[in-house]
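Take a look at the structure set out below.
The values are calculated or read from the model by the stated rules, or taken from the named source; none is laboratory data. Just so it is clear, the structure is predicted and the values come from calculations on it, not from any experiment. Ideal geometry is used to build each Cβ from the backbone, glycine not excepted, and the neighbour counts take in all protein chains shown.
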Amino acid sequence: MPQYILMAPLSRLGVKFGRELAGMLPDVVAAVDDQQAEATVHGLPRWTSAQFVARARSLEAPVALDLSVSDQGRAWVAGLAQAAGVPVATLDSGVLELARAHSAVRPGETFSPWLADAAFMETVAAIHGATLVDPYRLWELWSLVAETGTLPGSVLEVGVWRGGTGALMARRMQLLGQHDPIYLCDTFYGVVKAGEHDNHYAGGEHADTTRSHVETLLAQLAPAAKPRLLEGIFPEQTGAEVADQIFRLVHIDVDTYLSARDVLDFVWPRMPVGGVVVYDDYGCEACGGIVRHVDEQRGRPDRLVVHNLNGHALLIKRC
């Protein structure tokens, strides 16, 4: 999740949108200003330029949000961001629209069937540290493996990271006695195909994994399912290995617009009616490209788009 620092918060843009952004973005840390003496700006702690350079590096995912309106201001922000090693975002990159569309989602219902599923809870415990996916989304994957079990086709995941979700789906298949192939695809060197539609990812993130780590986890949790790892960019480098497959369930966890689009373009003609595509990142503020891609699927007669409040988007083939 990005941690925003407002740059030039008292510019014309800053005065107009600064307080709104501070209240609507999920994690705004500070505002950087060298002219004022007040301790806060727009209700945020005020940092000097020197404090920004010193402190931003200690944040987990800092992003300098440039509110400047002049070439001089943009140069000032760029210089500070470079000194701190922090990426820069602007309102033109869609940050304001994303801010207005995001808030904490906390449905008030209480039914939690996963708590009564011992096998699921044991599997979640076993993949701790191997996934960034919460139990709500994990439960949906666990359930969809069973729900799509009557359809022809294999299971595909693109975006494996350390193997947690892939291992969970493979274990579910093993426990159900499903013998369809399961393919798990990853570059193992991080996010790829970041571009103009992506508001946070620049490429190379989530590279803290290895193929051997994933293989070990799969061998522990789902040896009978015999999941197959495909290493490389999908579909350009590994799609040929599954070009003859039908896919009943596809889990897309790739973080960027172009990567998600390319995966869907490959799998959609190879899916049966009733097949399901799951987008892990639709509800994530850092994945504006995924939101854009999924929303482009709406209104098409052959597909149904469902936004699940757990953060998933589901794409179900209707015809």
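Name every residue in segment 243-290 that is among the hydrophobic types (A, V, I, L, M, F, W, C), in contact (Cβ under 8 Å) with a residue 60 or more places away in the chain and in a helix (DSSP H, G or I), in order of residue number. Hits for segment 243-290 are Leu258, Val263, Val267. Out of Gly203, Gly190, one residue alone is at pLDDT 95 or above and either under 20 Å from the mean Cα position of the chain (by Cα) or under 30 Å from Asp295 (Cβ atoms) (or both). It is Gly190. Note on segment 1-54: residues that are in contact with a strand residue (DSSP E or B) (Cβ under 8 Å, 6 or more places away or on another chain), part of a loop (DSSP other than H, G, I, E, B) and within 17 Å of Gly79 (Cα to Cα) amount to 4.
Return the residues of segment 156-203 that are within 20 Å of Ile246 (Cα to Cα), out of contact with any Leu (no Cβ under 9 Å at 6 or more places or on another chain) and of a type in the set (A, V, I, L, M, F, W, C); say none if nothing qualifies. Correct list: Met173, Leu176.
Residues are listed down the side, and each one gets a yes or a no for (1) at negative phi; (2) among the hydrophobic types (A, V, I, L, M, F, W, C); (3) surrounded by 17 or more Cβ atoms within 10 Å (Cβ to Cβ):
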| site | (1), (2), (3) |
| --- | --- |
| Pro26 | yes, no, no |
| Arg57 | yes, no, no |
| Pro62 | yes, no, yes |
| Asp66 | yes, no, yes |
| Arg74 | yes, no, no |
| Ala78 | yes, yes, no |
| Gly85 | no, no, no |
| Val88 | yes, yes, no |
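Number of residues in segment 205-242 that are outside any helix (DSSP H, G or I), among the aliphatic types (A, V, I, L, M) and more than 22 Å from Asp281 (Cα to Cα) equals 1.
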